[in-house]
Structures are given as C-alpha cells and as structure tokens.
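Please treat every number below as a calculation from the coordinates, not as lab data. What you see is a predicted model; the values in this text were computed from it and never measured. Note that we place each Cβ from the backbone using ideal geometry, even for glycine, and neighbour counts take in every protein chain shown.
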Amino acid sequence: MIRGLALLLVFQSLGEVIVKLSRSVVPGPVVGMVLLFIFLVLRKQTPESLGKAADGLLAHLAIFYIPAAVGVMLYARELAEQGLAWVLAIVLSTVGAMIVPALLLKRWLGDRPDDGGGGEPVDGSTAGQAEIADKRADKLVAQPAPKPAEDAS
Amino acid sequence: MKPGVGLPNLVEIWVYLSATPLFGLTLTLVAYVAADALYQRFDKHPFVNPVLISVSAIVAVLAFSGVPYRQYFEGAQFVHFLLGTATVALAVPLARLWSELRERALPLLLAVLLGGTASVILAVGTARLLGASDVFVASLVAKSVTAPIAVGIAEQVGGSPTLAAVFTLMTGIVGALVATPLLNALGLKDWSARGFAVGVAAHGMGTARAFSVHPRAGAYASLAMGLHGILGALLLPFAGKLIL
C-alpha cells in the first residue's frame, strides 16, 4: 500500500517535471497518469501494492474535489447575478454531452446488458467488488436484471 | 499559563483551532464521512450526492463561523493535493482494461470528440442567448474538461480561471445527478458505455459517481475523462478562438 502510494507520487512528480520543462497546459497529474499507464501496459501486470493504493484512492475520489468546490463561496455574488444563463448553459450542455456519446456507443458497440456481470473478471482483486457493485447497481437500472448474451441476441 | 484562568476559555481554544490546518482538514473529512454515510444509506441515490452535501455543509459552517475560505484551505489543501495523486491512480483501472480498449479505440475517440463538441456548442450557445457576459461565456468553453485542464484553457480563450473552476465543478455535480436517470431513459445497459458517456460529459465528479456504481463504469469514465482532457487541451484553445 505504502509502496504503491510511493510509486503514484513518483509518477505524479515525473508528470510535473515534464509539464514544467515543456510549459504545457496539460496538468502534471494527467501527464503522470499517461506515463503510469504506459509503464503498466509495458510491464503487463499491476503490482499488488499499487493496485491497493489506487483502489483505495479511487473508491473515495469524490472527497478530493471538496476543497476546490468550497471555493464557490468566493463568487457567490457574480454567480447570483447571471444565474439563469450559466445554470441553463451547464445543465443543457452536460445533458447533451452525455446523450451524444451514449447514443453513439449504443449504436456502434451494441448494447450488451451482461457486461461485467457474468463475464471474465477484470482482475482478481476487483472481481469481488464488481459482484457486490453489480447487485447494488441493479437497483439503479430501470431495465430488468442482466441476462446471458446467448439469450439476448 | 496565565494565573487566574481556571476553566479553559472556549473562545480562545476556538480561535487557536480555527487558525490551524487541523480545522480545515477535520471539517473536510468529517463532512465527507457524514455525507458518504447518507449516500450509502440512500442506496447511492444520485440526488444524495456526497460532494454537493459536504460542500453545502462546509460553506454553511464557514459562513456561520466567519472563517474565511483561505484559512479553511490551509488545512483542506492536504486533501486537495491528493486529487493529483488520485488522477495518476486512474491509470491502474485503465491498464487492467487495456486489451479491450485497444479494440474499441475508434468508437471511443469519436464519442469523445462529438460529445465534447456538443458540450461546447450547447454551453456557449445557451449562455449567449441568455445574455451572459463575455467572461462568463469564455469560462464555459471547457466546462466538460477535467478542472485543472479547463482552468488552463479558459485562460487561453479570455475566460476567468476561477469562474472556469466553478463551472467545471458545477458540471461535475450536474453530471453526477442526471447520469443514472438520463442513461436509463436512453435504455443504455452496458456499464462500459454508461461510464464512458458520464466521463465525457462530467469528468472527475462523474467518474467518482461511476466508480461508486460499478467498477467497469468507473474505469471507462476515467478513460473518457483522460481522453477529453488531452483532446480538450489540444483542440479547445483553437476552437474557442473561432467561436468566441
């Protein structure tokens, strides 16, 4: 876990160094993510400690957005004055940006409701987690429970 | 200690504590733990969004106690810093999916490009129609791109970095709220496509929501967020100059 965290910080630092040297607008952590991704694909397997550290951080990804989001309070007045314009702009564009890829992928890849359910586990360490999430997630989907692909076609 | 002070002075303790990093850090973690407990309790209902609840609670506490944002951030910055580390960690679920991502590269890339285009056109068009100021419109261009990149793009097209950060975060919250009902209405069942669509529209906060619903959805959402971030950083500064 600590070893994995150390590896993440090393790649984050590498990303920062590259961004500083190239004066790019892409943030350091995004470059670090790309570097780590290439490293893992070339290595063909994820070290266990790294998997644990990453899963731990990503399970609570939402908390890391809170400090920046609280900054909203600094702009309360300006935001209130033009409220209708930006709220509608954000709602419409976010819905539109979700509908477009959703429909495109549905058409192109075909909708396979069994996805991730009965299929091969992505990784030993996440398989159990996936099953639990599947059970919970069923409640969130309006459609009936996933069926095997043979029946669906 | 001064002579004559018997009981600890609560006001003094508060003044001391609220000025240390401990205050912002504790407030952030406690607010999140409470909001997340509520989220789990409501079976991860999208409207019980943990970020929205924690942020509202923290803003209320700061407004009530008169602690300025800068002082809060002294402590909260430790959590904020880990956002970068968590971003790097997104490579791990992506690497686990590498073999299947390779086969789907073309449709996924096209989905990001078209989804990103829809986001820019709808955001800029709506804001213009409703008479938003130029700075507001320019700050909306990159709203569906992950926050740190969106800030850089906004600066390049004449927007305000701080407004861009606010709009990006609002987008994330809206995306996390509408994702489940919207994708159900579209009849999309495939977890990978669902996650990807959320990641295109609502970057990190959408990805956080996707991870909490299904690990595959989360992995595809982080892929969409990463691709949108990289393509956005490359294309949006030029697109922004064309349409603004």
**Complete:** Ordering B:78-88, B:206-216, B:161-171 by per-residue average of other C-beta atoms within 10 angstrom, highest first, gives B:206-216, B:161-171, B:78-88
**Message:** Need the C-alpha centroid separation for the stretch B:70-134 versus the stretch B:203-241, integer Å.
**Reply:** 3 Å
**Asked** Roughly speaking, what is the stretch gain from residue B:30 to residue B:185, that is 0.36 nm per residue apart minus the C-alpha to C-alpha distance, in nm to one decimal?
**Response** 52.3 nm
**Only Lys, Arg (+1) and Asp, Glu (-1) charged, at Cβ; the protein assembly as shown dipole about Cα centre in debye** = 320 debye
**Asked** Taking the Cα atoms only, what angle lies between the long axis of helix B:21-41 and the longest principal axis of chain B, rounded to 10 degrees?
**Response** 60 degrees
**Item:** Expected 222 nm ellipticity per residue - DSSP helices of 4 or more, -39500 (n - 2.57), all of chain B, to 500
**Value:** -27000 deg cm²/dmol
**Prompt:** Expressed in nm to one decimal, what extension gain is obtained for the pair residue B:42 and residue B:78 from 0.36 nm per residue of sequence separation less their Cα-Cα distance?
**Reply:** 10.1 nm
**Asked** How well do other chains shield peptide A:44-54, expressed as the mean number of their Cβ atoms within 10 Å of each residue Cβ?
**Response** 3
**Message:** Can you compute 3J(HN,Hα) from phi for each residue in the stretch B:47-58, using the Karplus curve 6.51 cos²θ - 1.76 cosθ + 1.60 with θ = phi - 60°, rounded to whole Hz and x for Gly and Pro?
**Reply:** 6, 9, 5, x, 5, 4, 5, 4, 4, 4, 5, 5
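Within a 10 angstrom radius of the beta carbon, how do B:72, B:39, B:16, B:220 rank from fewest other beta carbons to most?
Result, fewest neighbours first: B:16, B:39, B:72, B:220.
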**Complete:** Averaged over residues of B:151-159, the number of beta carbons from other chains lying within 10 Å of each residue's Cβ is 1
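Can you give the FRET efficiency for residue B:114 and residue B:134, using 1/(1 + (r/R0)^6), R0 = 22 Å, r = Cβ-Cβ distance, to the nearest 0.05? Can you show the working numbers first?
Values: r = 27 Å, r/R0 = 1.21.
My answer for the efficiency is 0.25.
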**Request:** Highest first, please rank the peptides B:142-155, A:62-75 by the mean number of other Cβ atoms sitting within 10 Å of their residues.
**Result:** B:142-155, A:62-75
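Report, as an integer, the average count of C-beta atoms from other chains found within 10 Å of each Cβ along B:128-136. Present the calculation step by step, with values, prior to reporting the outcome.
On the way: counts 2, 3, 8, 3, 6, 5, 0, 2, 7.
Neighbouring Cβ atoms belonging to other protein chains average 4 per residue here.
Can you pull a Stokes-Einstein diffusion coefficient for the stretch B:180-226 at 20 °C (1.002 mPa s), Rh from Kirkwood over Cα pairs, as a whole number of µm²/s?
Details: Rh = 9.7 Å.
D, rounded to a whole number, is 221 µm²/s.
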**Message:** Per residue of the stretch B:131-146, what does 6.51 cos²θ - 1.76 cosθ + 1.60 with θ = phi - 60° give for ³J(HN,Hα)? Whole Hz please, x for Gly and Pro, Karplus curve as stated.
**Reply:** x, 6, 5, 4, 5, 4, 4, 5, 6, 8, 3, 9, 4, 8, 9, 4
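Where does each of A:94, B:28 land when they are ranked from fewest to most other beta-carbon atoms within 10 angstrom?
Fewest-to-most ranking of A:94, B:28: B:28, A:94.
Checking a compactness column here: for the protein assembly as shown, what do you get for Rg(Cα) / (2.2 N^0.38 Å), N being the number of residues?
On the way: Rg = 21.3 Å, N = 397, 2.2 N^0.38 = 21.4 Å.
For the protein assembly as shown, the normalised Cα radius of gyration comes out at 1.00.
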**Request:** Rounded to whole Hz and in sequence order, give me ³J(HN,Hα) for the stretch B:63-74 from the Karplus expression 6.51 cos²θ - 1.76 cosθ + 1.60, θ = phi - 60°, writing x for Gly and Pro.
**Result:** 5, 5, 8, x, 7, x, 4, 4, 5, 4, 5, 3
